[in-house]
Structures are given as structure tokens and as C-alpha cells.
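Chemist: This is the structure I want to talk about, given as C-alpha cells.
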Amino acid sequence: MKKEKVKYIGMPRAQILKFIKTFTDKHKIPPSKQEVADALECNVNNITHHYNILRDMGLIDLKPRMSRGVFLKIKANKLISNL
């Protein structure tokens, strides 16, 4: 897959990254898509769409067929600290 340069990720994706980091730090496991959707008041299909974009940007890893299969990459942690 083509990796995009991270110039601007947009507010929804920034909120998703922040939520994943906060949730993971607090609970020691990543959130499910449903937990992200509930927290951001949107539907799971929107989260899936944004996850795919964040993966293509090289900010997250997604583990298929895993309920809590989203993991922030170091690049994402650096980006979050600058938001």
C-alpha cells in the first residue's frame, strides 16, 4: 500500500488517535471500534473508514480479525504530542 506523508490528518482522525492513546494508557488494551464510535458519537463504519486512512498514512497498525486490533505507531505518538 502507498504510504501518505502526514501533513494534515483532519479533526476526526486526530480525535481518533487521541482517543486510542488515552484509552490504551488508561486500560492497558486498545479500544474496540465500537468504543471509539461511541466516544466520538459516530458509527462504526466511519471509524473503519478513518482507520484505513490512518493505516495508509502509517500512523496505526491494524490486526485483522481482532476485536481490539488497533495499535498506534511511534509516528502517531509524536503527532499526538504536537496536537
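Laboratory data are not the source of any read-out in this text; all were calculated from the coordinates shown. Since we're looking at a predicted model, the values are computed, not measured. Positions of Cβ are generated from backbone atoms using ideal geometry, with glycine treated the same way; all protein chains shown enter the neighbour counts.
Chemist: Using a cut-off of 16 Å between alpha-carbon atoms, which aspartates and glutamates can reach residue 75, once sequence neighbours fewer than 8 places away in the same chain are excluded?
Modeler: Residue 75 reaches 4, 56, 61.
Chemist: Could you calculate the contour length gain from residue 82 to residue 11, that is, 0.36 nm times the residue separation minus the distance between their Cα atoms, to one decimal place in nm?
Modeler: Working: separation 71, 0.36 × 71 = 25.56 nm, distance 1.35 nm.
Gain on extension, residue 82 to residue 11, equals 24.2 nm.
Chemist: Full extension from residue 18 to residue 34: what is 0.36 nm times the residue separation minus their Cα-Cα distance, to one decimal in nm? Show your work: numbers first, answer last.
Modeler: Details: separation 16, 0.36 × 16 = 5.76 nm, distance 1.56 nm.
Computed gain between residue 18 and residue 34 is 4.2 nm.
Chemist: Also: Looking only at the range 56-83, which residues have a backbone nitrogen under 16 Å from a spot 7 Å from the Cα of residue 44 in the C-beta direction?
Modeler: Flagged as within label range: 63-70.
Chemist: First check a/c for the chain, with a ≥ b ≥ c the square roots of the eigenvalues of its C-alpha gyration tensor; if it is under 1.5, answer rounded, and if not, answer prolate when a/b is larger than b/c or oblate otherwise. Don't skip to the answer; put the middle values down first.
Modeler: Numbers: a/c = 1.34, a/b = 1.23, b/c = 1.09.
The shape class here is rounded.
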